[in-house]
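Participant: The following block contains the structure, expressed as structure tokens.
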Amino acid sequence: MTAEDTGPRFVIIGAGMAGLMCSVKLLEAGLSNFIVYEKADRLGGTWRENTYPGIACDVPSHLYSYSFAPNPEWSHVFSAGDEICAYLESVANRYGVDKYVVYGAEVSRLEFDHGRWRIELADGRRDEADFVIAATGVLHHPNYPAFEGLDDFAGAVFHSARWDHTVPIAGQRVGVIGTGSSAVQIVSAVASTVGDLRLFQRTAQWIMSVPNPPIDEETRQTYRSDPSVMNKVREGLSSRFEELSNAVVDADSPRMQLIEELCRANLEENVADPDLREKLRPDYRAACKRLVMSPTFYQAIQHPNSTVVTEAIMRIEPAGVRTEDGQLHELDVLVLATGFRVDRFLRPIEVTGRGGVRLDDVWSERPSAYLSVSIPEFPNLFLLNGPNGPVGNFSLIDVAELEFGYVMQLVDLVRSGVCREVCAFREATDRFEADRIEAAQRTIWATGCRSWYLDDRGVPAAWPWGFDRFRRAMSRPTLADFQLVT
Ligand code: NAP
């Protein structure tokens, strides 16, 4: 035990990108009395779970890096998932946070009791903490479609986030259900190696063609020897992403129109067959769904092995997928690239706050949190990448770092004796929600499409303002919005 171990105790849930960042920053602040509970046996979060062929991040790697750990070794502008996972592992090693992570430790209950959080793990282990930071991710719980007969399929079937690498796909008849970012990357990666590829498309997607060139050794050497060059690259990317983020929150902005034109031109210029082009043409505005970026999808879907199936799926049979037109698409492998249940956040953990208030009841309609970070009546519990935050076309690493800086200012109120408990007032949370919902109507996400951004009322469940506003909001808490219990 070090001297600091007598300081406040933190429990962090999840050893993904955000949980690791918290650990590094707590150590940096001299706060080593913490533990990270990770239910899996490896760190990496989304990058550990998603291992499907073709996986990469569509935020440029030099932006999708911790601000405190720039990485001169990125191999591509948009590097692959295993490289991102290796980066997270190397950061964990370099900063010595590995030893704070307990693997195979699934948190099942959190209860606020007499000013402290009591933590229970699924295997019965118990712990206590002054602060809990939930870094449990957004796109974490796979959405399994309820097709009749799915369990009867005779071949291999798995979700894109649970790729079964024991199943060979080379030369096989492979079906992919879904046309989101995951499906687009899978199709691009496997079209030329499988025997037959059926893409079951319920809704066409706009695709922006963004090239992904390798970063050559000479450039990497420059980054190694002069990190300021790399930092300038990051700054440039950051301001370009800010422009993109400002465009999508204003459906009428000229930049949004430019994005739409680029997507339209990509379709017109790169899909040769007019029938296929019409099948692939969405009937809603580009970026209404999360914008899909791929330089290779149209090429892959025009490969002789590939077929786009637009007939609705009737049922799954042992031999394959039966569509409404009566056709049976015979398959060996079926990939469910059907997205995630994005309203779960830290659930299914049972969370009980002050006075026995249950999170399941508070969130019975839909999840919400003040500035996506704090929940009324759940003091000293903070969420990173929580509900209604900036999930749309931002680097979630930047988001998590800003949120952590904000959370630590709240933690410091307790550490310095200003209060013992801190959480947002209900009234402040309701006001934030009302403003957010009003602004959300002007975003591109509200222009008429089905997407994972929309909550059960059809309201975009995301930060509806520009990134500059988020940065400002995270720079300093408005203390009048917080209930400080002394
Ligand atoms: P997604 O965008 O939610 O796409 C799910 C797809 O499955 C949609 O095409 C949806 O059709 C379809 N689907 C769901 N249920 C269905 C059903 N019952 N029948 C037929 N089709 C069904 O999921 P995702 O592709 O996994 O991507 C989720 C998010 O993860 C992305 O938006 C992105 O934020 C992130 N991501 C990023 C990257 C990257 O960085 N490159 C890669 C992967 C994922 P409808 O469109 O008709 O609803």
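Participant: Determine if segment 453-466 includes at least one residue that is more than 27 Å from Ser61 (Cβ to Cβ) and in a helix (DSSP H, G or I).
Facilitator: There is no residue in segment 453-466 that is more than 27 Å from Ser61 (Cβ to Cβ) and in a helix (DSSP H, G or I).
Participant: Which of the residues that make up segment 48-73 are of a type in the set (Phe, Trp, Tyr), more than 10 Å from the ligand (Cβ to nearest atom) and over 17 Å from Cys22 (Cβ atoms)? First the steps, then the outcome.
Facilitator: First, the residues of segment 48-73 that are of a type in the set (Phe, Trp, Tyr): 52, 64, 66, 68.
So of that shortlist, the ones also more than 10 Å from the ligand (Cβ to nearest atom) come out as 66, 68.
None; the set is empty.
Participant: Which of the residues spanning segment 108-124 are within 18 Å of Gly19 (Cβ to Cβ) and open to solvent by 50 Å² or more (accessible area, probe 1.4 Å)? Steps first, answer last, please.
Facilitator: Pass one, segment 108-124, residues within 18 Å of Gly19 (Cβ to Cβ): 108, 110, 117, 119, 121-122.
Correct list: Ala122 only.
Participant: Would you check if Gly392 is open to solvent by less than 10 Å² (accessible area, probe 1.4 Å), out of contact with any Cys (no Cβ under 7 Å at 6 or more places or on another chain) and assigned by TED's automatic domain parsing to the domain that holds Ala69? Before the answer, list the steps.
Facilitator: Details: open to solvent by less than 10 Å² (accessible area, probe 1.4 Å): yes; out of contact with any Cys (no Cβ under 7 Å at 6 or more places or on another chain): yes; assigned by TED's automatic domain parsing to the domain that holds Ala69: yes.
Taking the combined requirement at face value, the residue satisfies it.
Participant: Another question about this same structure. Can you report the number of residues in segment 123-154 which are outside any strand (DSSP E or B) and free of Cβ contacts under 8 Å to residues at least 60 places away in the same chain? Lay out the reasoning, then the answer.
Facilitator: The initial filter retains those residues of segment 123-154 that are outside any strand (DSSP E or B), namely 123-125, 130, 135-140, 143-154.
Imposing the further condition that a residue be free of Cβ contacts under 8 Å to residues at least 60 places away in the same chain reduces the set to 123-125, 146, 151.
Number satisfying all stated conditions: 5.
Participant: What are the pairs, 6+ residues apart or on separate chains, where a residue within segment 336-365 that is of a type in the set (Val, Ile, Thr) has its Cβ under 6 Å from a residue that is open to solvent by 60 Å² or more (accessible area, probe 1.4 Å)?
Facilitator: Val342/Trp452; Thr352/Glu111; Thr352/Arg358; Val357/Glu377
Participant: May I ask you to list the residues in segment 8-44 that are surrounded by 17 or more Cβ atoms within 10 Å (Cβ to Cβ) and among the acidic types (Asp, Glu)?
Facilitator: The one that is surrounded by 17 or more Cβ atoms within 10 Å (Cβ to Cβ) and among the acidic types (Asp, Glu): Glu38.
Participant: Search segment 447-483 for residues being over 19 Å from the mean Cα position of the chain (by Cα) and crowded, with 18+ Cβ neighbours inside 10 Å, and hand back the single one that is nearest to the ligand (Cβ to nearest atom).
Facilitator: Cys449
Participant: A follow-up question, please. For Val194, all conditions in the list (1) crowded, with 18+ Cβ neighbours inside 10 Å; (2) outside the structural domain of Asn305 (by TED's automatic domain parsing) hold save one; what is the number of the exception?
Facilitator: In the conditions (1) crowded, with 18+ Cβ neighbours inside 10 Å; (2) outside the structural domain of Asn305 (by TED's automatic domain parsing), Val194 misses (2) alone.
Participant: Got a number for residues in segment 155-179 being under 30 Å from Val101 (Cα atoms) and touching a residue at least 12 places away in the same chain (Cβ under 8 Å)? Lay out the reasoning, then the answer.
Facilitator: Filtering segment 155-179 for residues under 30 Å from Val101 (Cα atoms) gives 158-166.
Add one more test, that the residue is touching a residue at least 12 places away in the same chain (Cβ under 8 Å), and what stays is 158-163, 165.
Qualifying residue count, segment 155-179: 7.
Participant: Among Gly104, Gly124, Gly81, Gly137, which is the only one that is within 13 Å of the ligand (Cβ to nearest atom) and under 30 Å from Gly7 (Cβ atoms)? Show your work before the answer.
Facilitator: On the way: Gly104 fails: within 13 Å of the ligand (Cβ to nearest atom); Gly124 fails: within 13 Å of the ligand (Cβ to nearest atom); Gly81 fails: under 30 Å from Gly7 (Cβ atoms).
From the options Gly104, Gly124, Gly81, Gly137, the qualifying one is Gly137.
Participant: For segment 170-184, which residues satisfy the criterion of being open to solvent by 30 Å² or more (accessible area, probe 1.4 Å) and either within 11 Å of the ligand (Cβ to nearest atom) or within 21 Å of Ala80 (Cβ to Cβ) (or both)? It would help to see each step written out before you state the result.
Facilitator: To start, the set of residues in segment 170-184 that are open to solvent by 30 Å² or more (accessible area, probe 1.4 Å) comprises 170-173, 181.
Selection gives Ala170, Ser181.
Participant: Pairs please, first residue from segment 32-58 and closer than 11 Å to Ala161 by Cα, second anywhere and of a type in the set (S, T, N, Q) and open to solvent by less than 20 Å² (accessible area, probe 1.4 Å), Cβ atoms under 9 Å, 6+ apart in sequence or on different chains.
Facilitator: Asn50/Ser160; Tyr52/Ser160; Ile55/Ser160
Participant: Name every residue in segment 354-367 that is of a type outside the set (A, V, I, L, M) and crowded, with 21+ Cβ neighbours inside 10 Å, in order of residue number.
Facilitator: The first filter runs over segment 354-367 and keeps only residues of a type outside the set (A, V, I, L, M), leaving 354-356, 358, 360-361, 363-367.
Answer for segment 354-367, where residues must be of a type outside the set (A, V, I, L, M) and crowded, with 21+ Cβ neighbours inside 10 Å: just Pro367.
Participant: For segment 235-339, please list each of the helices (runs of 4 or more DSSP H) lying entirely inside it that holds at least 2 residues being within 16 Å of the ligand (Cβ to nearest atom). Working first, answer last.
Facilitator: On the way: elements: 254-270, 274-279, 297-301.
Counting at least 2 such residues, we get 254-270, 297-301.
Participant: For segment 65-86: of the residues being free of Cβ contacts under 8 Å to residues at least 24 places away in the same chain and not hydrophobic (A, V, I, L, M, F, W, C), which is surrounded by the fewest Cβ atoms within 10 Å (Cβ to Cβ)? Don't jump to the end; show me each part of the working.
Facilitator: Step one: filter segment 65-86 for residues free of Cβ contacts under 8 Å to residues at least 24 places away in the same chain, giving 71, 79, 83, 86.
Those left that are additionally not hydrophobic (A, V, I, L, M, F, W, C): 71, 79, 83.
Details: Asn71: 20, Ser79: 24, Glu83: 17.
This residue is Glu83.
Participant: Right, another one. Considering Ala161, Ala105, which residue is buried (at least 20 other Cβ atoms within 10 Å of the Cβ), in contact with a strand residue (DSSP E or B) (Cβ under 9 Å, 6 or more places away or on another chain) and assigned to a helix (DSSP H, G or I)?
Facilitator: Values: Ala105 fails: assigned to a helix (DSSP H, G or I).
Answer to the selection: Ala161.
Participant: Any idea which of (1) within 25 Å of Leu27 (Cβ to Cβ); (2) within 16 Å of the ligand (Cβ to nearest atom); (3) touching a strand residue (DSSP E or B) at 6+ places or on another chain (Cβ under 6 Å) is the one Ser395 doesn't satisfy?
Facilitator: Condition (3) is where Ser395 drops out.
Participant: For Glu268, indicate whether it is assigned by TED's automatic domain parsing to the domain that holds Leu328 and either over 11 Å from Trp206 (Cα atoms) or open to solvent by less than 70 Å² (accessible area, probe 1.4 Å) (or both).
Facilitator: no
Participant: Restricting to segment 445-478, name every residue that is in contact (Cβ under 8 Å) with a residue 12 or more places away in the chain and of a type in the set (A, V, I, L, M).
Facilitator: Within segment 445-478, Ala446, Val459, Ala461, Ala462, Ala473, Met474 meet the criteria.
Participant: Shifting gears a bit: All but one of (1) part of a helix (DSSP H, G or I); (2) open to solvent by less than 10 Å² (accessible area, probe 1.4 Å); (3) of a type in the set (A, V, I, L, M) hold for Val422, so report the exception by its number.
Facilitator: The failed condition is (1).
The values are calculated or read from the model by the stated rules, or taken from the named source; none is laboratory data. The shown structure was predicted, so the numbers you read here are calculated from the model rather than taken from an experiment. Positions of Cβ are generated from backbone atoms using ideal geometry, with glycine treated the same way; all protein chains shown enter the neighbour counts. When the accessible area is computed, the model is the full protein with side chains, heavy atoms only, and any ligands, DNA or RNA have been set aside. Shrake-Rupley method; radii C 1.70, N 1.55, O 1.52, S 1.80 Å.
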